[in-house]
Amino acid sequence: MDLESVIYKNPVKDDSWKHVLVLAYQSLGVVYGDLSTSPLYVYKSTFAEDIEHSDTNEEIFGVLSFVFWTLTLIPLLKYVFIVLRADDNGEGGTFALYSLLCRHARVSLMPNTQLADEDLAQYTMDETVAVDKKNVGSRLKSLLEKHRVFQRVLLVLALIGACMVIGDGVLTPAISVFSAISGLELSMSKEQHKYVEVPVACAILIFLFALQHYGTHRVGCLFAPVVLTWLICISTIGLYNIIHWNPHVYQALSPYYMFKFLKKTQWGGWMSLGGILLCITGSEAMYADLGHFNQLSIQIAFTFLVYPSLILAYMGQAAYLSKHHALESDYRIGFYVSVPVKLRWPVLAIAILQAVVGSQAIITGTFSIIKQCSSLGCFPKVKIVHTSSKIHGQIYIPEINWSLMLLCLAVTIGFRDTKRMGNAAGLAVITVMLVTTCLMSLVIVLCWHKSGWLAICFLLFFGSIEALYFSASLIKFLEGAWVPIALSLIFLIVMYVWHYGTIKKYEFDVQNKVPINWLLGLGPTLGIVRVKGIGLIHTELVAGIPAIFSHFVTNLPAFHQVVIFLCIKSVPVPHVAPRERFLVGRIGPKEYRLYRCIARYGYRDIHKDDMEFEKDLICSIAEFIRSDTSEYGLGLGSFEDDTKMTVVGTSSSNSEGVKMSEDDQDDNSQIEGTSELKEVKSPERVKKRVRFVVPDSPRMDIDTREELLELMEAKEAGMAFIMSHSYVRAKRGSSWIKKVVINYGYDFLRRNSRGPTYALSLPHASTLEVGMIYHV
């Protein structure tokens, strides 16, 4: 099945209540796995050492009050009712917010942007809103567009959010699995538990990461039932504990208990907030996974099931602990002590399954964020494997998977307790939320065109709450919080170095491109022998002739009869519709047989395999030749402007366009006509015959037919993929920082990343690499 058709025929658009409820059920396994796991470790992390559980119950009630209001204000109010509305054509996440800002304020640092990109169906902008140059939004937009430093700050802010999500991908599986198996401590001695807990956790983690290669679609149908069973389990146990131990625990939901808690515990209470914030771990997934479901389904699932279940679970634990103060030898302030003894083993089994589901969600999210960063030119090219042909977004990145596993095992073995793991995970979670709050305040002004005061109120209200938790997490830098900072710093350096080197390389290409007059002076043969075949030259340029082409013409005795300059670029939208995939144009007159083809992809798009892509590419060129009626195509006017492009869709998206078929039959050249279609066939007898099936077109003249026949002959002869093997060096006179970044940092990343050859999966025999030195 063509995955592109899955994306654009996604039943998420169905607004029937039955379908919305089905999506709400399915979202449990994908979106809420991580958030639903938090009751396992919140109280245990909070009471680790900063505060003590006293007979007055002020501490436990204060913590419950903080948990209740944190869950109410951040996931429920901020995400469910506000942030989910800021979708980018149905997609969510940090890069969705950044993409929205890039389109509405033109702050994108991607170098190869074109005006034609703004005509994309998903490049939506609110043109109906009257522009007042004196309002806050217009002034802010002008400020961001004029000053490049603010554009860099915005990019770094988005990258910090992405890096912290990656850090969360290391920490969440570790703390979830470790906390799930901590129930074993109640059935064995402390000495035995110490030698069992870490090996069992590591074994489960290794098993979890080893399964990633197979994709989650095979067992994904089990995720929602597991989470639903877990939510029913913890809410039922919580309700039992409330009724059995302390029915008056509901009084602790009053904000007054937060004040009493801070007044009594003071410094220790403030530091314990780092454990309390773990109750909202996974809230960002509601927004990040928006593209897999829809706004209403996520709102229903959280508001009517997840939120009440979590509140009952935390209230039940608090009710139990309010009546149990004695610290026995095998006693722990945690989740399992509040579970009735007869249910502990079944609950332990469900908890382990729940931890695996929650970990799976964040691992998949990490793969997705890496792909988005790579698409926007902020991460080196990596191998991306699509594990499902039916479910969009199911990807696997081998290098990232095994790196996450090693880091996850290192955290588990190194920390060996939920306290330091919680400190680390808490900082990663709250940093992502702070980034979302900052970007969201800009979206309110620039994209929603709301009052600047509304944006400031949003920033101050939610930002102050998150800043309080952030400060409590940051103070525990030496107690585990350094881990997400270190990981994020490493990934941030990698991302920014790659982005900086990519931009400098593109600027060098632009400055050294070959003038069109030089090409026109060579004539149709280019001064060399033109042999059968297609030369596919990879370039980042969207206009102009790359310097690599002049190198070929001046140094090779022969070149292909058809030359296609191929540019694969990303645009700041989540998806590009197949009917808008290609921009095709000519370089020079018709008889030169030089074409430019720009393949456009969104940051969440699927890149096809080599055979499908090759077929779509050739069909797009053929469709352009058939329908080209511009002055360019007719041979009139000036050829100095090679930026005139035509939008051409993929062959599967254009039922009335040119189709291509290949078979092993040998026939002579003929034209078969019907009232609807006619076939133009190659005159050569070859092993692999190529045929173009084109709509009946009375305008097809002799030149157009000849050009199509020549394209078929070239396709039958074969394609060669030509690319430059670049060596980027800082030019003389550059600062030592730039020399280190370009000569060592970017060069190391370039040598260890996958180039376009791997991206297109072309055989090495069809690939020609030419070394070039870039002085940037």
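Brief remarks follow.
- All positions within region 475-493 that are under 24 Å from Q372 (Cβ atoms), open to solvent by 40 Å² or more (accessible area, probe 1.4 Å) and of a type in the set (V, I, T): I485, I490, I493
- Residue match in region 603-616 (condition: open to solvent by 20 Å² or more (accessible area, probe 1.4 Å), of a type outside the set (A, V, I, L, M, F, W, C), in contact (Cβ under 8 Å) with a residue 40 or more places away in the chain and touching a Leu at 6+ places or on another chain (Cβ under 7 Å)): yes
- With respect to the stated conditions, I243 is without any contact (Cβ under 8 Å) to a residue 60 or more places away in the chain and either in the same structural domain as F47 (by the TED database) or assigned to a helix (DSSP H, G or I) (or both).
- Residue count, region 465-493 (criterion: over 14 Å from V429 (Cα atoms), assigned to a helix (DSSP H, G or I) and more than 27 Å from the chain's Cα centre (by Cα)): 3
- Note on region 348-374: residues that are open to solvent by 20 Å² or more (accessible area, probe 1.4 Å) and under 21 Å from the mean Cα position of the chain (by Cα) total 5.
- Total residues in region 746-770, condition modelled with pLDDT under 70, loosely packed, with under 14 Cβ neighbours inside 10 Å and assigned to a helix (DSSP H, G or I): 3
- Scanning region 511-529 for residues that are open to solvent by less than 70 Å² (accessible area, probe 1.4 Å), in contact (Cβ under 8 Å) with a residue 40 or more places away in the chain and either not in a loop (DSSP other than H, G, I, E, B) or not assigned by the TED database to the domain that holds S620 (or both) returns I516, L519, L520.
- Exactly one residue among F304, F293 is under 20 Å from H19 (Cα atoms) and at pLDDT 90 or above, and that residue is F304.
- A single member of V63, V67 is closer than 24 Å to L321 by Cβ, in contact with a Cys (Cβ under 9 Å, 6 or more places away or on another chain), surrounded by 24 or more Cβ atoms within 10 Å (Cβ to Cβ) and at pLDDT 90 or above, and it is V67.
- For region 262-347, the helices (runs of 4 or more DSSP H) that sit wholly inside it and include 2 or more residues that are in the same structural domain as Q394 (by the TED database) and surrounded by fewer than 23 Cβ atoms within 10 Å (Cβ to Cβ) are 267-276, 295-301, 307-321.
- Residues in region 73-93 that are under 20 Å from G463 (Cα atoms) and open to solvent by 10 Å² or more (accessible area, probe 1.4 Å): L73, L76, L77, F81, I82, R85.
- Selection within region 422-474 - open to solvent by 10 Å² or more (accessible area, probe 1.4 Å) and charged (D, E, K, R): K450
- Annotation: L709 fulfils all but one of (1) under 19 Å from D616 (Cα atoms); (2) within 41 Å of the chain's Cα centre (by Cα); (3) modelled with pLDDT of 80 or more; the unmet one is (2).
- Of the residues making up region 550-578, those that are open to solvent by 10 Å² or more (accessible area, probe 1.4 Å) and among the aliphatic types (A, V, I, L, M) are V553, L556, A558, I568.
- When restricted to residues that are part of a helix (DSSP H, G or I) and open to solvent by less than 40 Å² (accessible area, probe 1.4 Å), region 102-121 contains 6.
- Residue pairs whose Cβ atoms lie under 6 Å apart, sitting 6 or more positions apart in sequence or on different chains, and linking a residue in region 331-346 that is modelled with pLDDT under 85 to a partner that is of a type in the set (A, V, I, L, M, F, W, C), are I333/F47.
The values are calculated or read from the model by the stated rules, or taken from the named source; none is laboratory data. Quantities reported herein were computed from a predicted structural model and do not represent experimental measurements. Glycine also receives a Cβ, built like all others from the backbone with ideal geometry; neighbour counts cover every protein chain displayed. The accessibility values were calculated without ligands, DNA or RNA, using every heavy atom of the protein model including side chains. Shrake-Rupley method; radii C 1.70, N 1.55, O 1.52, S 1.80 Å.
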